[in-house]
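Chemist: Quick one: the structure is below, questions incoming.
Bear in mind these aren't lab numbers, they're just calculated from the coordinates by the rules spelled out. These numbers were taken from a predicted model, which means no experiment stands behind them. Glycine gets a Cβ as well: all are built from the backbone with ideal geometry, and neighbour counts include every protein chain shown.
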Amino acid sequence: MSEERVFEIFDLNAVIAEFPPDPESKAKHRAEILVKSETLRVVVVTAIVGGLLHEHHAPGPITVQVLEGAFTVTIDGQPRLMKTGEIAIVAPDVPHGVVCEEDGAFLLTIAHLSHTPDPGGE
């Protein structure tokens, strides 16, 4: 199967404004998928204080880029407070979790290395 081509430009501020988390929800966060292909996922997560993404791991590398607010990102048991403009890069299968400390949003990018096409075309 050939790789799906993805090209689109997003106004992340508009996405954040359009998809705020529901303050009545137990999760206190909302995830909106911008790109979903065999090799790449790009998700905007909006959250209010206390919003939590429980510890988990991904099969490929990920990035967590804080667009607004502040989040404690725990990577392999090591918590770090991240604020607007900071990015974390996490290797495949490394446990990570996120807690919202200040209302905001982050961009989550997930690469799926297991689906990357063979560069030799095989």
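Chemist: If you place +1 on the Cβ of every Lys and Arg, -1 on the Cβ of every Asp and Glu, and leave all else neutral, what size is the dipole of the range 31-115 about its Cα centre, to the nearest 20 Debye?
Modeler: Charge dipole, the range 31-115, about its Cα centre: 160 debye, nearest 20.
Chemist: Work out, in µm²/s and without decimals, the Stokes-Einstein translational diffusion coefficient of the range 11-122 at 25 °C, 0.890 mPa s, Rh from Kirkwood over C-alpha pairs.
Modeler: 170
Chemist: Sorted by mean Cβ packing within 10 Å, highest first, what order do the peptides 67-76, 98-107, 80-89 take?
Modeler: Ranked from most to least packed, the peptides come out as 98-107, 67-76, 80-89.
Chemist: Run the quick spin-label model on GLU8 and ASP76: label points 7 Å from Cα toward the beta carbon, then report their separation in nm to one decimal.
Modeler: About 3.4 nm, to one decimal.
Chemist: What FRET efficiency would be calculated for the residue pair GLU102, GLU38, taking the C-beta separation as r and a Förster radius of 25 Å, to the nearest 0.05?
Modeler: Using R0 = 25 Å, I get an efficiency of 0.10.
Chemist: Which of the lysines could a cross-linker span from LYS83 if the Cα-Cα distance has to be under 21 Å and same-chain partners fewer than 8 positions apart are dropped?
Modeler: Hits, sequence-local ones excluded: LYS28.
Chemist: Rounded to the nearest 500, what is the 222 nm mean residue ellipticity of the chain from helices alone, with -39500 (n - 2.57) per DSSP H run of 4+ residues and division by all residues?
Modeler: Taken over the chain, the calculation gives -1500 deg cm²/dmol.
Chemist: Moving on to the next point. Most mobile of GLY51, GLY60, GLY77 per a Gaussian network model of the chain (Cα springs, under 10 Å)?
Modeler: Answer for the Gaussian network model of the chain: GLY77.
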